[in-house]
Amino acid sequence: MKRFSLHSARRRARLYATGVVACAVVGTMALTASGPANAASVSTPGVTATSISLGATEPLTGVAANYNDIAPAMKAVFAWANAHGGVNGRQINLTIDDDQYTPSITATMTHQLVLQNNIFADVGSLGTPTQLQVQPYLNGLKVPQLFILSGCNCWSSSKYPYSSGLQTPYTVDGKILGSYVAKNFSGEKVGYFTQDDEFGFDAIKGLNMEIKGSSVVSKQTYVASTAAYVAGLQSQVAALQASGAKVVVLAAIPPFVGLFATTAATLGYTPQLVIDGVAGDPSAIGAPAALTTPAPNGQALLNGAITEAGGAFEDQTSNPWVRVATKLLTKYDSEVAKNGITGDELTGFNLGYLVYQALKAAGKNLTRQGLLNAIAADGKNFANSGFVPYSYSSTVHFGFEGEQLYKMSATATPITLPTGTFMGVTPVGPVYYTSPGAGPVKVWHSAQDKVPASLSSTA
Amino acid sequence: MGELRKKAQGLAAKPWFRMPRQPMLRHLSYAAVAVVFLYFLTQKLSAFNDYEVGEIAFYVVALAGLTLLTGVNGQISLGHGGFMAVGGFTLALLVEHTKWNVVPELAIAIVTSALVGALIGIPATRLRGPYLAGMTLMVALGLPYLTNQYDSFFGGDQGLTTPQPIGPASINPEQWLAWIQLACALIVLILLGNLLRSRFGRSFRAVRDDEIAASLAGIHVARTKVIAFMVSAGCAGLAGALLALSAGGVNSAEFPLSISIYLLAGMVIGGTGSLMGVWWGAILIVYLPTSWAPSLANHFHVNSQVSANLAVIIFGLVLVVGMLVAPGGIQGALRWVAVRVGAYFSPDGVPNMKLSLQEAPTDRAVHDSESVTQADKPGV
Amino acid sequence: MTNSETGGLVVNEITVSFGGLTALDGVSLSVHAGEVVGVIGPNGAGKTTLFNIVCGFVRPESGTIVFNGKQLRRHQPHDLAKAGISRTLQGVGLWGGLTVVDNVMAGAQSTARADFASALFGLWRSSREESRIRQRALELLGELRIAEYANRYPLTLPYAIQKRTALARALMCEPNLILLDEPASGLSEAELQELGKLIIGLRDKMGVLLVEHHMDLVMSICDRLVVLNFGRVIASGSPAEVQANPDVTTAYLGQDIPTVDSPVANAGS
């Protein structure tokens, strides 16, 4: 009989185990539950008489954590606005959630922002794969998904009218670089080195519109992963070298541009580099300021590389936008107060100020549709630090569509940051603008916006 | 304590309720209890928490399939994220091109991913261990990538939209979605429970433990493995389709390799081969990366690179420590405790622990219930 | 051997080699219902290869295998049970993750009819059949006097119990022929006695072909013996005849190996 008692014990065991599972599920829920969210209010979600609730998902940690200083700078602009009466009498509350640049976490965090934080709009969230993940959800609920920090063409689509990007579309980046290459290196053999995802694909789309197909002799790609970085770029660089490309256009993120340069240096390959604006900052690539001979780290290769940027560099302290941003952020962003301003923080400042102006333009009677209408109507007049105006319209949902070309130069004034001193840049030619579709690359003649007095006097 | 023990022993000697032995009836009665419980749970929770419960539910579906394949049939898979993608895209394509109800759409998502599972499962019958892991890894990496290659069909980077199903106006959409997902989870658990208590479940385990002996017993080894692969891929496909409903759309970035890895880790931590243990794995997969790990990182002020990887680190640590301390996973550890508690109150005194706990080297949960049914019939 | 054309197993002139090494060379033997045939020979003589060929694990280069009048061609191991042939394995081959009774139940795989859908939906069709198979498995365990271990996991049990479990599993498909691969290994003297009785008992229902090293057992229970050495049949016949054969003694003592077929090779026919 003994064995049967053993089994009856085991049957009970299973019942207990089931019970414990059940209890634990309840416990888990109870711990993480925070009471029912506000029942759907008649008025606009996230907007009260005295406040506006906004949300953003950012890679505060993880592979893209180098961008984690953007959102705090945006928040600092809101702190400035709140200290000066808010916007139309409402205080702006921004919730920043860390999505670790992981789409599944972005989905959960965005649901949390919408369902629990009851946000009015999602603003300035970063990343192409991450924001793609929540695009249908936010659009389905008609929650504005504005000023996305990504240059994917996908933010401007009639399917998802509540989305819009901020960064220059990668195709525009590609067209502007491509037209420069076609003009200045005509007849030279050209090679591409691009990221194997929509960033690279979109950039190639733009490059191909400007560069003759017959002059492109090699197209190499890489996968943006830690493993690929560790594995190195020997084969890609060697293939470009073997193809005889004298000009290499890189649509790559900063670490891979740096790796490309050092790899080319070790292989004795010295093409003219033309670098997409995503890696347009020499400090992000880690290009050292001082040239040593012989140049072992590819710095000689970077010296003279052509790149592009949509606005002033943070070291251009004479630029009024850099000055006002530095002043405001030093007051409201402890990180800037401690370590000085970075390019990302300049981006965050510009982003925050655009959001502020958009909310202001939407007026006292704030609704989601009203916000979109206001941006479509007034967006072109929003003052900002970009070289070209904010280009959002009812049909085109991009932020900026222009770039200033720069040359990285060892003889330019070096960029000095807490992390080190880096190669400086000098502007090359005029500011160009174009759209991601067909159509020529044109010169933009107007100067940068003036800093509004209301901002410069209160920052 | 002695009094209590006597009382409990008296009760246990004359059980006042006995679960039916017929597998469907038995599993339906478990499910009925779960339905009542989950109904009140979802009523009580906020919309966002309901959304999370829904996430747990679809991970339960995926994990149940994986535990059948890996725990019960002994075939490792790193490719379940890929099968989830198949299910998700199938649902999205149906939403795009038809006006059907969500139920047939989910059914077709299951069938499609099961068929893809068969395609992968047939060559997989000749592989084992690291080779099988490598091949299934290609599924996880390759299938989502395919959708990028035919972007006019699969919607390119943006992918396809899968609107959240809307129920009656009185029920909020998150709760409605959670119900759909929970219903799927319970149905999957019932059906897999039935299957594991049938001759198919026996064949799965026999093939896992010794293929030669299995074939001599008349079990078609390759066919059995392919069936397990199809059932498992079908579950993953359903999970992917349910995930798509939660996310509101599908795109290739939605099913990264990390999903496949999390599933494998969640399965092992919950208890390999245990259909109850999958709840633990699912809770972990949902809460660890988004909630627990970030709070821990905040609390201890760890640096950004560490904190982003904290969830993975914790998964890894729990996996290693768990395998040393509790090879049966969380569910196994609970049973270990429960057997001791149960034995204390058992009318016949303490049974031989050593035997009852070390007998089965793997996969105990559902499996045990078979021997229990037997124990109910001492007269035979 | 009057019914050699219709009943039992007839292995005819089987030859197989592995990488140039001839494992079996023109081996013939037959087993009929109600007969216990033993295959003996020194290590490496080809006994297990012979079993593997019958079971379909290895394909012969030439020769035929006929069972109950039907030739087995390109048959797979899992087809055997349905055809009425069972086999136990040398290393027992029980499934550690299944209880003893489940191990035995799995032996009825070839007779189980429940389809996938009825199993998935837990229909009566499946669950009734399960009860029936369980009933039968328990009966068999009872017959083999190991019913008390039904719910234990086999790898924790004494070797003799495991061997009986494996035998019970092989009997579940109600075979016409059972192949026993070294059934006596690892058993004590008393257990051997029981095993002998058991095997003789099987004779009522089926033919038995066994490979065994244990000479006392083989001599006492086999109706006929086939002696293999270096892949060839060097002798066959009743235990007494084989024992008297000088070639057999030579082979077992490791002396000169006959290079041509012994004239007594087919003496038993």
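The values are calculated or read from the model by the stated rules, or taken from the named source; none is laboratory data. Note that this is a predicted model, so its numbers are computed, not measured. Note that each Cβ is placed from the backbone with ideal geometry, even for glycine, and that neighbours are counted across all protein chains shown. With ligands, DNA and RNA removed, areas are computed over all heavy atoms of the protein, side chains included. Shrake-Rupley method; radii C 1.70, N 1.55, O 1.52, S 1.80 Å.
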- Quickly run through segment A:414-459 and pick out the residues that are touching a strand residue (DSSP E or B) at 6+ places or on another chain (Cβ under 9 Å) and in a loop (DSSP other than H, G, I, E, B). A:Pro414, A:Met423, A:Thr434, A:Val441, A:His445, A:Ser446, A:Gln448, A:Asp449
- Assuming C:Arg164 fulfils every condition listed in (1) more than 15 Å from the chain's Cα centre (by Cα); (2) assigned to a helix (DSSP H, G or I); (3) within 29 Å of B:Phe200 (Cα to Cα) apart from one, which condition is it? (1)
- Task: Please go through segment A:58-79 and pick out each residue that is open to solvent by 10 Å² or more (accessible area, probe 1.4 Å), touching a Phe, Trp or Tyr at 6+ places or on another chain (Cβ under 7 Å) and either modelled with pLDDT of 95 or more or more than 13 Å from every other protein chain (Cβ to nearest Cβ) (or both).
- Result: A:Ala79
- Message: Return the residues of segment A:374-396 that are open to solvent by 30 Å² or more (accessible area, probe 1.4 Å), of a type outside the set (A, V, I, L, M, F, W, C) and either part of a loop (DSSP other than H, G, I, E, B) or touching a helix residue (DSSP H, G or I) at 6+ places or on another chain (Cβ under 8 Å) (or both); say none if nothing qualifies.
- Response: A:Asp378, A:Pro389, A:Ser394, A:Thr395
- Message: Quick check on segment B:191-224: of everything there that is touching a residue at least 40 places away in the same chain (Cβ under 8 Å), open to solvent by 10 Å² or more (accessible area, probe 1.4 Å) and within 8 Å of chain C (Cβ to nearest Cβ), which residue is nearest to C:Gly122 (Cα to Cα)?
- Response: B:Arg197
- Failed criterion for A:Leu351 (all others in (1) assigned to a loop (DSSP other than H, G, I, E, B); (2) within 22 Å of A:Gly85 (Cα to Cα); (3) under 22 Å from the mean Cα position of the chain (by Cα) hold): (1)
- Message: Cβ contacts < 6 Å: first residue closer than 30 Å to B:Ser258 by Cα and in the same structural domain as A:Tyr67 (by TED's automatic domain parsing), restricted to segment A:82-100; second residue surrounded by 22 or more Cβ atoms within 10 Å (Cβ to Cβ) and among the β-branched types (Val, Ile, Thr), any location; separation 6+ or different chain. Result?
- Response: A:Asp97/A:Thr57; A:Asp98/A:Thr61; A:Asp99/A:Thr57; A:Asp99/A:Ile105; A:Asp99/A:Thr106; A:Asp99/A:Thr130; A:Gln100/A:Thr61
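For A:Thr342, indicate whether it is crowded, with 16+ Cβ neighbours inside 10 Å, farther than 15 Å from A:Leu166 by Cβ and under 19 Å from the mean Cα position of the chain (by Cα).
Values: crowded, with 16+ Cβ neighbours inside 10 Å: yes; farther than 15 Å from A:Leu166 by Cβ: yes; under 19 Å from the mean Cα position of the chain (by Cα): yes.
Answer is yes for this residue.
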- Only unsatisfied item for A:Tyr269, checking (1) within 20 Å of the chain's Cα centre (by Cα); (2) over 14 Å from A:Tyr222 (Cβ atoms), is (1)
- Test: residue in segment B:114-125 that is within 14 Å of chain C (Cβ to nearest Cβ) and in a helix (DSSP H, G or I): yes
- Selection from segment A:329-366 of residues among the hydroxyl-bearing types (Ser, Thr, Tyr) and in contact (Cβ under 8 Å) with a residue 60 or more places away in the chain yields A:Tyr332, A:Thr342, A:Thr347, A:Tyr353, A:Tyr356
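Taking B:Ala282 as the residue in question, decide whether it is within 19 Å of B:Cys184 (Cα to Cα) and either surrounded by fewer than 22 Cβ atoms within 10 Å (Cβ to Cβ) or at pLDDT 85 or above (or both). Walk me through how you get there before you give the answer.
Working: within 19 Å of B:Cys184 (Cα to Cα): yes; either surrounded by fewer than 22 Cβ atoms within 10 Å (Cβ to Cβ) or at pLDDT 85 or above (or both): yes.
It is true that B:Ala282 is within 19 Å of B:Cys184 (Cα to Cα) and either surrounded by fewer than 22 Cβ atoms within 10 Å (Cβ to Cβ) or at pLDDT 85 or above (or both).
Quick grid of which residues meet (1) in contact with a Gly (Cβ under 6 Å, 6 or more places away or on another chain); (2) at pLDDT 85 or above; (3) in the same structural domain as A:Ala182 (by TED's automatic domain parsing):
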{"position": "A:Leu240", "(1), (2), (3)": "yes, yes, yes"}
{"position": "A:Val248", "(1), (2), (3)": "yes, yes, yes"}
{"position": "A:Phe260", "(1), (2), (3)": "no, yes, yes"}
{"position": "A:Asp276", "(1), (2), (3)": "no, yes, yes"}
{"position": "A:Leu291", "(1), (2), (3)": "no, no, yes"}
{"position": "A:Pro296", "(1), (2), (3)": "no, no, yes"}
{"position": "A:Gln299", "(1), (2), (3)": "no, no, yes"}
- Item | Residue ranges of helices (runs of 4 or more DSSP H) in segment C:44-151 with at least 3 members more than 21 Å from C:Ser28 (Cα to Cα) and open to solvent by 60 Å² or more (accessible area, probe 1.4 Å) | C:124-143
- Query: In this structure, is A:Ile204 in contact (Cβ under 8 Å) with a residue 24 or more places away in the chain, open to solvent by less than 50 Å² (accessible area, probe 1.4 Å), more than 29 Å from B:Leu160 (Cβ to Cβ) and more than 13 Å from chain B (Cβ to nearest Cβ)?
  - Reply: no
